[in-house]
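Below is one structure, written out as structure tokens; the observations come after it.
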Amino acid sequence: MVSDNPAAEIEDGLAQLGDSFRQAFAAAATEQVLRDAHARVLGKKGDLTLLLRRMGALPADQRKVVGEKVNQLKSEVEAAFAERLAAIERAAREADLNAVPYDLSLPGRTLAPRGHLHPLTVVRNDILDAFRDLGFVVAHGPEVELEEYNFTKLGFPPDHPATDMQDTFWIRPGLLLRTHTSNVQIREMLAHKPPLAVVSAGAVYRKDEDITHSPMFHQVEGFLVDEGVTFAELKGVLTSFAERIYGPKTPVRFRPSYFPFVEPGAEVDIGCVFCKKADGSRPGCRVCKFTGWIEILGSGMIHPVVFEHTGIDPERYTGFAFGVGVERVAMLRYDIPDIRLLFENDPRLLAQF
Ligand code: PHE
């Protein structure tokens, strides 16, 4: 382009440029728009750069004057840019801080794994189901219980050493944390007339703590009362239970034992599930203390004195009862060596079930 007065034209251009960048910067609401506007002035192909190219045509004295104006404009642009950029950043931060801290419209995350029942709950339900399927009904009893129902009516004489067998947490004289679920036998027999077939699950408490004992643990109690019930029915029911929980043909052994509320009393062992070989033999292992047998419950024929204490005619009725340790079944099933692991609720353990 040929011109009469190139210096004046450049100065006009500078003035226009000054107006337009100020407007563009003020209008820029985001950093990106601002940077684009900045590039349109100062970039390689920016308006100011194009103007500068034309300075070559000026005489030296004019070039100096115009050059100063150009520099002045440049620093104005830079200063305005920095100021506007800071303002945009401040506004963005402000908006961030004032915004709702979460987005309700986001789709749900699937990262959190689904929970599941605690292994003790699974085992308790399995035990209850095994007896429910045999026709037992489920009952509940209190964890804070009268001495009368936890001990006396079950045939524990007052101050009998057998009460030491179940180191008791006393609430006050006559009231305690139940030491077993056998209190449910008394409550149910007081409330209902035979025939009775009842199971009950719940927490029990004893002053006892090591790797196989916890001061709080769980039992499933079961009992059956009717005319003509014999030890054979007890064996049948508990054998069926053992096979249901530990598999068909699980060997079951009844060993004489003492509980004040049964006569005869028996502890029940099953063939060790840990050292069992394919041919059915059991050479013994650490878990069964090299006997090939593992104790799983206490049982027996209900003592006539219990019937007398609950208003049931011992001449007419007989029955059996049993108590299963839920933790014991769970530890055997899942190969958990320390009972306390079941109550620590460490997700690293629980996630394995
Ligand atoms: N109540 C007994 C205990 O906790 C177990 C048991 C129940 C024994 C029923 C016999 C009959 O040790």
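Treating r as the C-beta distance of A203 and S105 and R0 as 45 Å, the FRET efficiency rounds to 0.50. Just want to confirm a number: the relative contact order over the chain, from Cα pairs under 8 angstrom separated by 6+ residues, in percent. About 14 percent, as a whole number. Cα convex hull of the range 1-98: mean projected area in nm², to one decimal? Averaged projected area of the range 1-98's Cα convex hull equals 6.4 nm².
Here the range 55-98 is assigned +1 on the Cβ of each Lys and Arg and -1 on the Cβ of each Asp and Glu. Its dipole about the Cα centre then comes out at about 220 debye. For the range 90-176, applying the loop criterion from DSSP together with a ceiling of 13 other beta carbons within 10 Å to the trypsin sites (Lys or Arg not before Pro) yields R109, R114.
Counting only protein chain heavy atoms and rolling a 1.4 Å probe, the accessible areas of C272, C285 rank, largest first, as C285, C272. Considering only N183, L97, H218, and ranking their Cα positions along the charge dipole of the chain that arises from unit charges at the beta-carbon of Lys, Arg, Asp and Glu, the one farthest toward the positive end is L97.
Across the protein chains, with a 1.4 Å probe defining accessible surface, the residues S299, S20, S257 rank S20, S257, S299 from largest area downward.
For the range 173-303, a Kirkwood radius taken over Cα pairs fed into Stokes-Einstein (25 °C, viscosity 0.890 mPa s) yields D = 148 µm²/s. Ranked from largest, the principal axis spans of the Cα set of the chain equal 136, 53, 34 Å.
Loop-located chymotrypsin sites (Phe, Trp or Tyr not before Pro) across the range 22-108 with a Cβ neighbour count of 15 or fewer within 10 Å are Y102, with loop assigned by DSSP. Among the GluC sites (Glu not before Pro) in the range 194-293, those placed in a DSSP loop whose Cβ has at most 15 other Cβ atoms within 10 Å are E209, E227.
The mean of 1/r over all distinct Cα pairs in the range 108-220, once inverted, gives the Kirkwood hydrodynamic radius of 16.0 Å. Label zone (D126, point 7 Å along Cα-to-C-beta; backbone nitrogen cut-off 13 Å) within the range 265-287: 273. Residues H38, H116, ordered by accessible area of protein heavy atoms at a 1.4 angstrom probe radius and largest first, appear as H116, H38.
The values are calculated or read from the model by the stated rules, or taken from the named source; none is laboratory data. Everything quoted here is computed from the prediction, not taken from an experiment. Using ideal geometry, Cβ is built from the backbone for each residue, glycine included, and neighbour counts are taken over all protein chains shown. These area figures cover heavy atoms from the full protein model, side chains too; ligands, DNA and RNA do not enter into them. Shrake-Rupley method; radii C 1.70, N 1.55, O 1.52, S 1.80 Å.
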